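The values are calculated or read from the model by the stated rules, or taken from the named source; none is laboratory data. Everything numeric here is computed off the predicted structure, so don't read it as measured data. No Cβ is skipped: glycine too gets one built from the backbone with ideal geometry, and neighbour counts run over all protein chains shown.
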Amino acid sequence: MGMILELISGRMKLMEKISKISKIMLMGILLFHISTAMALETTLEGSLGYDDNPAFSPDGDGSGFAGYRARLSRLLFPELAWINGDIFVEGNYNDYFDLDDNYGGTLGLSLGFPFQEGRFQLGLFGEGAIYRDDLNPEDERDTLLAGVGLEWLAGAQLTLGLRGSAAWLDYREDISEETPDLMPEQGQVPGGGPHHGGLNRGPAGPRGPVSLPGSVPLSGHTTTREDRRYSTEAYAAIYISPRVQIDLIGTHVFGDSTIDAGSYDENRGGISLSWSPLAEWNLYGSLRVWDTDYDGVRDESGWSGTGGISYWWKSAEIYLRLFREENDSDLPEEDYERMVSQCGLRWYF
């Protein structure tokens, strides 16, 4: 009897996967026709890979996955010299073969105002996003973000910029405050923590709380979680040659949360290198480091690295990517290591 129930459950899961893939394929066909009719710039992406720790836990299980992403965008004011911009909508779905899935969507707008004969540009941008995660429901949130930036074309081989933003994150799950010492768990490749990114996850933000060993129970009431995140960053793009580019970035983030000990200060740094030895080929790599102080309660530091290669064929890009991430925390339950391998196809039209 148990074997029969297991077979039925497996068959139902298979049918659910087939149904999801069919809907995604139909959505891709629909987006293609909408893009053609409305003269939109469109990107469709599909990938396969393996993530050995999607839950960001010390001993998390791994799973293969299929990733799907679609993006529609349109340029604004293409005939005006004093203003430029674009509007876009993007959706993604990560289908894990052995674990629960996650998906998200973003609607964004950016405006640019060049001056001094184009050497400087003032920018305004805003986004609204949703993120849903069946594996880590405490990460589910709705986000609004607004920001301003200033970019300076310092020379033919150097661009410098400053950017600041404020984000409002409304988490869907109530937090159970059962102890006096609650902490946010670290969570852009899918990620929920302030430094995570990749694999088309939602906007970053600290994850759900964990209780400290030996804490004294309280009444066990629940509270809603709302975070505010303020970010300031400086960056530089260095064009060594027409085929080689180096990007440097430094960021400070302040996070304020309604949950106990949920506020944090974080400093980040990053460098990336892109090299195109031939017109069709591109090699790239990046390294990021961070140091996070959770309101004087705990410290965390870590690093992530990405390496990849891509090949262009007409309007399609075939790519292979490897991602490694490690986080070191004062709390052992917040330590984790993660490795993701991924190959895929992006189609631009």
*Do you know which residues across segment 254-277 are at pLDDT below 95, surrounded by fewer than 18 Cβ atoms within 10 Å (Cβ to Cβ) and of a type in the set (A, V, I, L, M, F, W, C)?*
none
*Hits in segment 278-290 (condition: crowded, with 16+ Cβ neighbours inside 10 Å and either touching a Leu at 6+ places or on another chain (Cβ under 9 Å) or not assigned by TED's automatic domain parsing to the domain that holds S165 (or both))*: Y284, S286
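Yes or no, residue by residue, for (1) under 17 Å from the mean Cα position of the chain (by Cα); (2) at pLDDT 95 or above; (3) among the aromatic types (F, W, Y):
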site	(1), (2), (3)
N282	no, yes, no
L287	yes, yes, no
W290	yes, yes, yes
T306	yes, yes, no
S310	no, yes, no
S315	no, no, no
D335	no, no, no
S341	yes, yes, no
Y348	no, no, yes
*Selected residue (criterion: surrounded by the most Cβ atoms within 10 Å (Cβ to Cβ)) from residues of segment 299-349 that are of a type in the set (G, A, S) and within 18 Å of D51 (Cα to Cα)*: S304
*Before we move on, is L145 over 22 Å from E233 (Cβ atoms) and under 20 Å from the mean Cα position of the chain (by Cα)?*
no
*Sort out which residues of segment 45-95 are in contact with a Pro (Cβ under 9 Å, 6 or more places away or on another chain) and surrounded by fewer than 17 Cβ atoms within 10 Å (Cβ to Cβ), and write them in order of number.*
P58, D61, A81, W82, I83
